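K.L.:
Dumping the structure here so I can ask a few things about it.
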Amino acid sequence: MLNRVMGRLDFIRILVRGCFLAILSMTVYPILRYLTPPKFRLPRDVSVTAAKLSEVPPNTAKIFPFGSKPAILIHTASDEYKAFSAVCTHLNCTVQYDQKASVIMCACHNGRYGLDGRVISGPPPRPLEEYKVALRRDEIIVSKG
Ligand code: FES
């Protein structure tokens with residue numbers, strides 16, 4: 001009789017510990033994924049026509065496809081063209097250009113980048129990847145590599 005009761009208690013203990021470990025792993029895994037942002041790389045030598053000159057007046061930006069990811073072309077108020085990956089280095093949201101503040105911002109967790117791609121504030125761990133910009137006739141060419 002005593003052995004039978006101990007067997008049931010051992011079974012319940014194993015069941016409770018198993019449930020605890022399952023709940024612990026379901027809690028810890030998403031936290032670890034949140035804290036370690038995913039990395040990705042574009043293939044070398046990507047080059048695209050990002051926009052026509054007339055599409056991007058000063059102090060505006062355009063999101064365009066660059067390889068399989070979005071990129072952002074910015075025509076600054078000081079008449080420079082800049083291009084960056086539009087994928088936030090925190091959790092991969094697409095960034096936007098904030099015309100009033102002249103910064104690149106990520107609305108997901110309020111990350112902010114300067115016009116050199118560096119992180120100004122918020123959770124992004126790395127700067128945005130910058131791409132080369134060239135003007136060819138009335139087109140703006142963005143390339144990497
Ligand atoms: S995904 Fe951009 S700040 Fe979190």
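K.L.:
Give me the net charge of residue 49's neighbourhood, meaning all other residues with Cβ under 13 Å from the Cβ of residue 49; Lys, Arg count +1, Asp, Glu -1.
P.N.:
Neighbourhood net charge equals +1.
K.L.:
Please get the size of the charge dipole for the chain, origin at its Cα centre, with Cβ charges of +1 on Lys and Arg and -1 on Asp and Glu, quoted in debye to the nearest 20.
P.N.:
Value, rounded to 20: 760 debye.
K.L.:
Quick one: if you stick a label point 7 Å off each Cα along the C-beta vector at residue 94 and residue 118, how many nm between them?
P.N.:
The answer from the label model is 2.8 nm.
K.L.:
Given the rule -39500 (n - 2.57) for each run of at least 4 DSSP H residues, summed and divided by the residues of the chain, what is its mean residue ellipticity at 222 nm, to the nearest 500 deg cm²/dmol?
P.N.:
Helix contribution divided over all residues of the chain: -8500 deg cm²/dmol.
K.L.:
Among 61, 122, 20, whose Cα sits farthest toward the positive end of the charge dipole of the chain (+1 at Cβ of Lys/Arg, -1 at Cβ of Asp/Glu, about the Cα centre)?
P.N.:
20
K.L.:
Related question: With a 4.7 Å Cβ cut-off, tell me which Cys residues in the chain come up empty for a partner.
P.N.:
19
K.L.:
Which net charge results when you count Lys and Arg as +1 and Asp and Glu as -1 among the other residues whose beta-carbon is under 14 Å from that of residue 118?
P.N.:
Neighbour charge sum, excluding residue 118 itself: 0.
K.L.:
While we're on this one: So how much slack lies between residue 31 and residue 77, counting 0.36 nm per residue of separation and subtracting their Cα-Cα distance, in nm?
P.N.:
Going from the current span to full extension adds 12.6 nm.
K.L.:
Tell me which residues come under 5 Å, amide H to amide H, from residue 59 once H is placed; ignore anything under 5 positions away on its chain.
P.N.:
When sequence neighbours closer than 5 places are left aside, the close amide H contacts are 75, 76, 77, 79.
K.L.:
In terms of modelled amide H atoms, which long-range or inter-chain residues lie less than 5 Å from the amide H of residue 51?
P.N.:
Amide H to amide H, under 5 Å and 5 or more residues apart or across chains, residue 51 pairs with 140.
K.L.:
Taking 30 Å as R0, compute the FRET efficiency from the Cβ-Cβ separation of residue 101 and residue 69 and round it to 0.05.
P.N.:
0.80
K.L.:
Search the structure for amide H atoms under 5 Å from the amide H of residue 120, placed 1.01 Å from N in the peptide plane, and list their residues when 5 or more places away or on another chain.
P.N.:
Answer set, sorted by chain and number: 112, 113, 114.
K.L.:
Follow-up. Using 0.36 nm per residue, how much length does the chain from residue 46 to residue 17 gain when fully extended, once their Cα-Cα distance is taken away?
P.N.:
5.3 nm
K.L.:
How do 115-125, 4-14 rank on mean C-beta neighbours within 10 Å, highest first?
P.N.:
Going from most to least packed, we get 115-125, 4-14.
Rule-based calculations on the coordinates, nothing more; no lab input. As the structure is a prediction and not an experimental result, all values here were calculated from the model. Backbone-built Cβ (ideal geometry, glycine too); neighbour counts: all protein chains shown.
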